[in-house]
């Protein structure tokens, strides 16, 4: 079992979770869209996102937890960041992800008349400490739909950040950093068209 890593401010992580007992998380377009709305509400204020993919029964993210001063300087509403004395006190980063999962679970339970947990606990997280591994994780995330047989090319899968990376439309995804790690757009696309060692990357991601 993977050791639970404490999320630290200023650090990069591969984060993933799946439905408890392999159950489905996203049953249709409205589920995917609602999860992304909640993600923007709970996670964007405290983390930069570089890659993501939502699969029917699991998801993968590449994020950087912001530094404490970054969170405070960009938060227009500090509600929930203050203690009883009125002093600013940030929640631990993992709490924001727990809040996301709890909010989505409540909505799904209400919509489908179910009860109980929806996500596995604790969610998995792996610190990423160098550019080479950041690139490998991005390739792994974007190739997940192909690996699981949902499409033959990532262009055909809508619930993934690859499409956002190759466009110029406004986004909160840190697209320029991602392309920069691959040097340029041409190399970004080229690397995504090469066969990657999925099993080897998965083995590394699950190492303690």
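The values are calculated or read from the model by the stated rules, or taken from the named source; none is laboratory data. Worth saying up front: this structure is predicted, and the values here are computed from it rather than measured. Cβ coordinates were reconstructed from backbone atoms using ideal geometry, including for glycine residues, and neighbour counts include every protein chain displayed.
Observations on the model:
- If you go through the stretch 1-35 and pick out every residue that is modelled with pLDDT of 95 or more, under 16 Å from residue 118 (Cα atoms) and either loosely packed, with under 13 Cβ neighbours inside 10 Å or within 14 Å of the chain's Cα centre (by Cα) (or both), you end up with 5.
- Residue, nearest to residue 9 (Cα to Cα), within the stretch 80-107, restricted to residues that are touching a helix residue (DSSP H, G or I) at 6+ places or on another chain (Cβ under 7 Å) and at pLDDT below 95: 90
- Yes/no for residue 129 being on the phi < 0 side of the Ramachandran plot and crowded, with 18+ Cβ neighbours inside 10 Å: no
- From the list 143, 109, the lone residue that is within 20 Å of residue 63 (Cα to Cα) and surrounded by 12 or more Cβ atoms within 10 Å (Cβ to Cβ) is 143.
- Restricted to helices (runs of 4 or more DSSP H) entirely inside the stretch 92-208, those with at least 3 residues that are touching a residue at least 40 places away in the same chain (Cβ under 8 Å) are 93-112, 131-147, 175-181, 198-205.
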